[in-house]
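Structure first, then comments.
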Amino acid sequence: ADERIETGTGTGVYSGTVTLGTTLNGSSYELRDGARGGHRTYDLNQGTSGTGTLFKDADDVWGGGRQSAAVDAHYGAATTWDFYKNVLGRSGIKNDGVASYSRVHYGNSYVNAFWSDSCFCMTYGDGAGNANPLTSLDVAAHEMSHGVTSNTAGLRYSGESGGLNEATSDMFGTSVEWYAKNTKDAGDYLIGERININGDGTPLRYMDKPSKDGASRDYWSSTLGSIDVHYSSGPANHWYYLLSEGSGAKTINGVSYNSPTYDGKAVTGIGRAKVEKIWYKALTTYMTSTTNYKAARTATLSAATDLYGSGSAEYNAVNAAWAAINVR
Ligand code: ASN
Ligand code: ZN
Ligand code: CA
């Protein structure tokens with residue numbers, strides 16, 4: 001049958017009306033993004049295995065009913081693809097131009113989303129109670145970034161390396177949210193602020209002061225490696241915030257932040273654009289499966305040297321941000 005790459009439009013749960021990469025196959029449109037490695041989005045229809053059915057539509061205008069979460073997931077994968085390509089020069093998760101795929105409506109009242117190395121795919125639950133579908137842009141970019149980490153540094157998902165693995169997904173999840181410039185989902189330094197996962201409107205995680213979630217750590221200590229990876233990510237998330245925006249109080253896009261430092265010294269931010277380049281270079285060049293916080297510091301200093309020079313303002317700021325989370 002004839003196939004043609006198309007651009008549809010869709011309205012998701014979170015992102016407002018967005019354009020979608022689709023494919024016209026015979027007389028129906030499919031959620032298959034020909035411009036981005038052929039990324040497909042499937043309806044698991046409450047199942048928990050396989051791929052279910054590929055989303056199809058008669059007029060290439062998507063959304064409503066079962067399609068809404070699919071619009072978000074497809075848009076999230078496309079925006080994350082574009083961020084890695086246009087900002088970091090990476091073509092897909094393996095840098096080979098090949099797409100993964102997304103599955104929505106996983107299980108019943110499932111309040112999570114995940115990346116899987118075995119299917120090379122992202123999966124999203126519908127949420128339960130007051131929690132909404134887990135398909136917000138920062139969550140989608142977080143999950144897809146697990147694929148990138150898995151195929152680069154391969155940070156082992158336990159101990160300090162596990163915290164760094166989680167933080168990598170929060171950092172790039174946040175970077176993608178900013179990159180999107182979506183008027184319905186402005187950039188912030190919060191993770192999962194749209195999905196109401198706590199039922200009271202609060203986000204899942206805070207990068208300016210991770211301990212605001214009640215469990216994450218703000219600073220490195222020798223016991224960091226013994227807590228859950230979604231909490232040992234805290235200090236590295238804090239490093240990303242401090243290096244991007246600097247310490248102290250600040251309001252951005254209507255959200256107030258107040259980021260403390262371990263050493264009491266002020267940190268001056270160098271901007272997110274440089275921070276994401278430094279972390280990405282460290283992740284893809286210097287980190288390994290066993291990199292811990294101390295080694296991550298060294299890795300980012302090497303990356304900052306490569307990008308901006310040893311002793312540059314950026315190098316010194318990277319060093320100061322690590323000291324501010326008690327790594328030196
Ligand atoms: N949503 C979680 C995450 O990406 C799933 C997990 O615990 N691995 O971290
Ligand atoms: Zn994660
Ligand atoms: Ca966010």
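Here is how the numbers come out for the structure above:
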quantity	calculated
Selection count where residues are surrounded by fewer than 21 Cβ atoms within 10 Å (Cβ to Cβ) and in contact (Cβ under 8 Å) with a residue 60 or more places away in the chain, scope the range 287-319	4
Contacts under 6 angstrom Cβ, first residue in the range 186-203 being more than 23 Å from Ser259 (Cβ to Cβ), partner within 12 Å of ligand 3 (Cβ to nearest atom) and among the hydroxyl-bearing types (Ser, Thr, Tyr), 6 or more apart	Ile195/Ser136
Ser226 being in contact with a strand residue (DSSP E or B) (Cβ under 8 Å, 6 or more places away or on another chain) and either in the same structural domain as Phe114 (by TED's automatic domain parsing) or away from ligand 1 (no atom under 16 Å from the Cβ) (or both)	no
Considering residues of the range 101-118 that are part of a loop (DSSP other than H, G, I, E, B) and away from ligand 1 (no atom under 14 Å from the Cβ) only, the residue farthest from Ser136 (Cα to Cα)	Asn108
Qualifying residue in the range 47-55 (condition: outside any strand (DSSP E or B) and among the aliphatic types (A, V, I, L, M))	no
Residue selected from the range 18-73 under the condition of a type in the set (Asp, Glu) and in contact (Cβ under 8 Å) with a residue 60 or more places away in the chain, by the criterion farthest from Asp96 (Cα to Cα)	Asp43
Close pairs (8 angstrom Cβ cut-off, 6 or more residues apart or separate chains): part of a loop (DSSP other than H, G, I, E, B) in the range 216-229, crowded, with 17+ Cβ neighbours inside 10 Å and of a type in the set (A, V, I, L, M, F, W, C) anywhere	Arg217/Leu224; Arg217/Ile227; Asp218/Ile325; Tyr219/Ile325; Trp220/Ile325; Trp220/Val327
Leu164, sole failed condition from (1) within 12 Å of ligand 3 (Cβ to nearest atom); (2) surrounded by 18 or more Cβ atoms within 10 Å (Cβ to Cβ)	(1)
Residue satisfying condition, being out of contact with any Ser or Thr (no Cβ under 7 Å at 6 or more places or on another chain) and either assigned to a loop (DSSP other than H, G, I, E, B) or not hydroxyl-bearing (Ser, Thr, Tyr) (or both), within set Ile278, Ile270	Ile270
The range 137-159 - residue that is within 14 Å of ligand 2 (Cβ to nearest atom) and among the hydroxyl-bearing types (Ser, Thr, Tyr) and, of those, nearest to Ala70 (Cα to Cα)	Ser145
The listed residue being within 19 Å of Gly159 (Cα to Cα), modelled with pLDDT of 95 or more and surrounded by fewer than 21 Cβ atoms within 10 Å (Cβ to Cβ), out of Ala236, Ala249, Ala215	Ala215
Number of positions in the range 129-149 that are within 17 Å of Lys281 (Cα to Cα) and without any contact (Cβ under 8 Å) to a residue 40 or more places away in the chain	1
Close pairs (9 angstrom Cβ cut-off, 6 or more residues apart or separate chains): free of Cβ contacts under 8 Å to residues at least 60 places away in the same chain in the range 91-116, among the acidic types (Asp, Glu) anywhere	Ser109/Asp126; Tyr110/Asp126; Ala113/Glu143; Phe114/Glu143; Trp115/Glu143
Single match in Ser145, Ser136, Ser109 (criterion: under 18 Å from Ser91 (Cα atoms), assigned by TED's automatic domain parsing to the domain that holds Val71 and among the hydroxyl-bearing types (Ser, Thr, Tyr))	Ser145
Test: residue in the range 131-140 that is assigned to a helix (DSSP H, G or I) and more than 16 Å from ligand 3 (Cβ to nearest atom)	no
Some residue of the range 91-106 being of a type in the set (Ser, Thr, Tyr), away from ligand 2 (no atom under 15 Å from the Cβ) and within 20 Å of His230 (Cβ to Cβ)	yes
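So that you can scan it fast, the table gives a plain yes or no per residue for (1) under 25 Å from Gly125 (Cα atoms); (2) away from ligand 1 (no atom under 16 Å from the Cβ):
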| position | (1), (2) |
| --- | --- |
| Tyr179 | yes, yes |
| Leu204 | yes, no |
| Ser211 | no, yes |
| Pro235 | no, yes |
| Tyr240 | no, yes |
| Glu245 | no, yes |
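The values are calculated or read from the model by the stated rules, or taken from the named source; none is laboratory data. Small disclaimer: the values here were computed from a predicted structure and weren't measured. Note: ideal-geometry Cβ built from the backbone for every residue, glycine included; neighbour counts use all protein chains shown.
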